[in-house]
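Here's the structure we're looking at; comments come further down.
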Amino acid sequence: MKIQYLLIAVILLALPAFWVTWFLLPQEINGNSKPDSVLTAAYLGNGLEEVLPLPKAVELDPRKVELGELLFHDPTLSGNGFSCATCHPVDQGGMDGLALSLKTGGGSDVMNTPTVFNTGFNSLLLWNGEARSLEQQLDGVINNPLHMNSSWPKVLQSISTDQHYVAQFQEIYQAPLHEDQVMNAIATFERSLVTPNSDFDRYLRGDELALTEKQKLGFLLFKQYGCISCHQGINLGGNLFAKFGIYKLENKPDVDTTPFHLGQYLYTKEIGDRYVFRVPSLRNIAVTAPYFHDGSAGNLQEAIKTMALTQLDIVLSEDEITHIESFLNSLTGEYQGRKL
Amino acid sequence: MKPRLLLHLFTGLLLAVVLLFLFLKSQVDERRLHNTSISLLSLVEYDQELKLQMIELKNGYHKNYGGLVVLQTNIEHQLDHLTKTNEAGLLAPESVKRLGNLKNLFRIRLETAEHFKRKNALIRNALLFFPKAIANLKQDILTSEELSPSIQTDMENRLNELNSMMFMFHSQVEADIDRVNFEVEIFREYFESELPLQFHSNLNIIITNARHILNYPYRSSQSLKSPGTIELARRMLQYENAHFLTLEKNALTYRYLLFAVSMLILFYLLFVFLKLQKATESLKKSLHELEFHKDAIDEHSIVSITDAEGKILYANDKFCDITQYSRDEIIGKSHNMINSGIHDKDFYGNLWKTIRSGKIWHGIFANQARDGSIHWVESTILPRLNEQGKPYQFIGIRTDITAQKIAEEQSRLLARFPAESPDPVMRLDREGRLIYANASSQTILDHWKISLGEHLPQAWLAISHRVLLANNREDHELVIDDRHYSILFTPIPEADYVNVYGSNITKVKQAERDLSHQATHDPLTGLKNRVAFERALEVALKGAQQEGRHGILLYIDLDQFKIVNDTCGHVAGDELLRQIGHKFQDLIRDSDTLARLGGDEFGIILNNCGEDHGERISNKILYTLDQFRFLWGDKSFEIGASIGLVDITSDSDSGINLLGQADIACYAAKDKGRNRLQIYQTDSEFEQRRDEMRWASLIPRALAENRFELYAQLIKPLKADAGDKPHYEMLIRLNPESGETVPPGAFIPAAERYGLMHTLDIWVISEAIERIGHFNAENPRNPIHIAINLSGATLGNRSVASFISDQMERSLLDPRFITFEITETCAISNLTAAIQFITEMKKLGCYFSLDDFGSGLSSFSYLKNLPVDYLKIDGSFVRDILEDPIDEAMVRSINQIGHVMNIKTIAEFVESSEIEDRLVDMDIDFVQGFGIERPRPLSELLNDKKRPLQLKVSN
């Protein structure tokens, strides 16, 4: 009798011991499974073409897209009443249209807001390119007191009070709520923000009539002047760094008061990285004015003129500028079947 | 106990952890190696591809950075994966050391790639823009008016040359950069000197771009160099493989260990299981045994368990049975509920004190059942102690000893039984010593002069020894003074002692003596009775037969005793018998025997004498009686006796015969006129009497053989005008076996003497009533009246009246056709019965006739009491009426008295017509006799009576 009880006690005690020890073990690494990235050869091509059209659709988990869309528009995720969509309204070009971003407590930040459209195909994000993925960008923006002014614990707290979110997260991720899931959901939504069917893309796909002669001439100039050497790939940019002002700076900025103009240098502290910024994508460029990191170019002609001057040390003729501008206008695509 | 339990628990936990540890160590996930290897291999592959991509980009074969971006992303991903793997501790130790290095190298690689892109873009821009810039300058030159056409052409050629030189340079892998630099410097110097100043900006653009192009190969080849990433990754791969092999080797060892530990545990469990099973078995056995014990106790004893307060927790069936409470009624109740109240407070106090102190209590007490009945139990109460040694339960085991108690009480009372016995009770040991004597024995002990523990007197001692030896009871008598004692020696061999029961039998002895006197004496007269007399007669007969001593037997019958008895009552009769007994006693010797033989008969045996002495004594008796007057009240009676004498000789055959002979002689004396002696003689007269006695014995047989026959004799009315009807007296005759009719005188006396008259009467009544009833029914116009004789015996029988009426009813005979004849003596001796009978029958319509009037006591006073219709004057008066004037006067006066009393008279024995005439003169109403008509068979009469009717019919 005593021994029986002892055996039962031992087994009962051994079970939690097993359990605890099991969970102390190194967890199975989630293999080499690919992240939810669209930076794959399937979309980015083999590099043989200078530019290639946006895919008509991207393959993503629609549940994550749906959940991400909700979170993208949810102001409760921030500590200042902002939502992602505050600065990146998807119904007007994916950016706020301001020269400089808004910041917590009113006023302007030091940077122009880049569009959120097609960012999934960017290997570099933000003007400085310090974010190498949308997740990284999100991590930064949530914790940035000037932008979302929040933190992950706060965000998770906010989400866990909403039963719909909790249920959705549980259904999709089958695991306890984690910040990675929130980032993944929002990033997945952002990857779905693709604007296909621009005139240019249709032209690339073989529709010769999609571009006007003027635009075609603009595209030719775009190539002849070498713009395309940076503004290449699926997004016509967004995947490399370049010095803003190879020959000269338009307006020599006072880097002491606005160190931001130093670009990459702020991070690498290498002299060669001074004024080095990410090359922005030219997709939907016509609807995302103003331009440049500091929003200093109010319209396309101005921006084209500045680019020729700083990067090529030349002055384009009015005709050339107009032609290039008309080409850039053909880069505006559709989101959810609607032209931006 | 507790530390041991903890030890067990700790051991169990330790075992569990060890098992888990072994289990985890005993397997290596191949995927782990696979994952890491894939990562490392991928990195190598990506690195190589990266290089390839960059070369192709540099060459212009690839025109966008998408592929590079994909590789960059993939490398980042794999590095992340490796980092995570390392964080999970899944990397080989050698790899871990190098992981940081690997990451740094790849970081550099990626940065290089990034720089490559930047530079490549720049050079590509230069290359792309170069033709346009050349073309622009050409345009400047051609449109310039300052330059001569030859110079213009030369410049154009030079520009074309530069253009092609730059592209050639760019496409060359191993280019002579110094030469090209030199060429470009020559080109610049030439153009700066030759070209007008306004064209210098375009020239500068060309020069700048040319320099961009010239710078690039050097820079880019630097970028293409691998910083050792591939080597490091490959080395790490080797480490991983080696580590995996080590792990696998270890895992095998752990597997063996796991197996060994598991087997050990299995054996231990098996051992425990077997031990457990053994323990279970033994427990089961113990339980079974316990249950058996419990059953045994329950079967035998009353068991209850109470808590410390005496509240009943358990009670077995016997408890319920004896207390008559159901289990539900008593469980939870106080044990006090069955207290009998017999024991005092101290008793229970003592009990509780004992068991509360943890001791066992033994004792006997009485409990009360539900119906109030008391039962006694022998009880043992055991306290059940808790760990502190305090009792918390009590178990009571009791045995019902009520029966024992009762038996004890009974045996206690029983033990007093001999002591209380009024009879002496003693017990002797085997030596004959007195070991017990009750109080009643004192007289005997005094007589024997012994006391307890002493031997019995010698004679009695011998008896004691004898009975014990023979195992046989012996009864002895002891007489002390006038007291008789029965001393019964009863041996009890198994106990080896003798019980002696005395009883005072003085009274029994007395009674015995009294009884033997009563048996042989007549209580009335104090004389010997018939039994003693017959015994004495046998003695006398034996004396005569064997010794020749002759004797005389006298049979005496008093003549007038019946009258005394009838007129003065039995008391008078008894007194008479006593007085006469005394008188007889005085007349005989002591050696003679006098006995009353019954009724008024006495017998005397005279020993050693002859007939003459017998005669003398007889005459003395007759004389004495002659002198004797019995006085009763104012009445005086003369008493006579008839005596029969028989010699007791050697010829006499038996006492019974002698008595019979004496009886016959006595009757003969009576017949001869009473008050006389008759010596028995073996002549014809006595023979005839003896025949009659034989008749008597034959009567029942004759009845059975239907040999009796009814005769009828006419009783003729002398005054036909008076309405007197002729009737016929029914007479009985016996047809003997020989064929001749036997006269009634032959058997009627015998029947009377031997009590057969009643039977005969019944036969006559039923026969006569049936036949006459039948006849009268057939001849209603000519009915026959009959007269039937009734004897005294019949009159005294109460059932006769109803018998007669039944018979008449059945035969439809009108009672008015019947007259019953009763003799005067018979009527008087049964006066009350007679009157009752007569009254009863007269109610039915029967008539009565008083028979033989004048022959007996002839008291007219009786006549007044007897409501008869006819007087039948005794024939002895009628017979001699012609010669004897007294008889004539008697008849006349009887007739007159009869008439006065309104009773018809009948004269019998009318043997001649002369007598009839005289009787007519005397005014007698009826006559009967041979002179009138002889008796004839009834059937004959009936036939005659029928005939005239039949004739009439025939006429």
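Values in this text are rule-based calculations from the coordinates and carry no lab data. Keep in mind the model is a prediction, meaning the values are calculated, not measured. Please note: Cβ atoms are built from the backbone with ideal geometry, for glycine as well, and neighbour counts cover all protein chains shown.
A few notes on this one:
- The Cα center of segment B:809-860 and the Cα center of segment B:612-682 differ in position by 35 Å.
- Listed by chain and number, the lysines whose alpha-carbon sits under 16 Å from that of residue A:305, ignoring those within fewer than 8 places in the same chain, are A:223, A:248.
- Take each residue of peptide A:180-187, count the partner chain Cβ atoms within 10 Å of its Cβ, and average: the result is 0.
- Oblate is the label for segment A:85-132, because the ratio a/c of its alpha-carbon gyration tensor axes (a ≥ b ≥ c) is 1.5 or higher and a/b is not greater than b/c.
- Computed over neighbours whose Cβ is under 13 Å from that of residue B:800, the net charge equals -2, Lys and Arg +1, Asp and Glu -1.
- Look at where the Cα atoms of segment A:293-317 and of segment B:42-92 average out, and the two centres are 35 Å apart.
- Pairs from the list A:243/B:103; A:103/A:269; B:719/B:872 with a Cα-Cα gap above 21 Å: A:243/B:103; A:103/A:269.
- Proximal lysines to residue B:946, defined as alpha-carbon separation beneath 21 angstrom and excluding residues fewer than eight positions away on the same chain: B:716, B:725
- Relative contact order, whole percent, for segment B:758-832 stands at 42, derived from Cα pairs under 8 Å and 6 or more residues apart.
- Each Lys or Arg adds one and each Asp or Glu takes one away; over the other residues whose Cβ falls under 14 Å from the Cβ of residue B:286, this sums to +1.
- Computed helical MRE - 222 nm, chain B, DSSP H runs ≥ 4 contributing -39500 (n - 2.57), nearest 500: -19500 deg cm²/dmol
- Net charge dipole size for the protein assembly as shown [Lys, Arg +1 and Asp, Glu -1 on Cβ; Debye, nearest 20]: 5680 debye
- Note on residue B:348 and residue B:328: the extension gain reaches 4.7 nm, defined as 0.36 nm multiplied by sequence separation minus the Cα-Cα distance.
- Computed from Cα atoms, the angle from the helix B:149-171 axis to the main principal axis of chain B rounds to 40 degrees.
- Distance between the pseudo-spin-label points of residue A:319 and residue B:200 (7 Å out from Cα toward the beta carbon): 2.9 nm.
- By DSSP, the beta bridges lying fully in the protein assembly as shown are antiparallel in about 80 percent of cases.
- Charged neighbours of residue B:834, selected by a Cβ distance under 13 Å, balance to -3 (K, R count +1; D, E count -1).
- Pairwise centroid distance, computed over Cα atoms, of segment A:151-230 with segment B:867-931, Å: 185 Å
- Anchor residue B:294: aspartates and glutamates whose Cα lies under 16 Å away (excluding residues fewer than 8 positions away in-chain): B:317
- Taking every Cα-Cα distance in segment B:612-680 and sorting them into 5 Å bins starting at zero, the pair-distance distribution P(r) comes out as 4, 17, 20, 21, 15, 11, 6, 4, 1, 1, 0 percent.
- In degrees, nearest ten, helix A:163-173 long axis to first principal axis of chain A (Cα): 90 degrees
- In this rough spin-label picture, where each label sits 7 Å from Cα along the Cβ direction, the residue B:574-residue B:900 distance is 3.9 nm.
- Unsatisfied cross-links (Cα-Cα over 23 Å) in the set B:97/B:119; A:64/A:154; B:117/B:225: B:97/B:119
- Among beta bridges that DSSP assigns inside chain B, antiparallel share in %, nearest 5: 75 percent
- Between helix B:757-778 and chain B: long-axis angle, C-alpha atoms, 0 to 90°, nearest 10: 90 degrees
- Compactness of the protein assembly as shown as Cα Rg over 2.2 N^0.38 Å, two decimals: 2.58
- Structure-based [θ]222 nm, chain A - -39500 (n - 2.57) summed over DSSP H runs of at least 4, per residue, nearest 500: -11000 deg cm²/dmol
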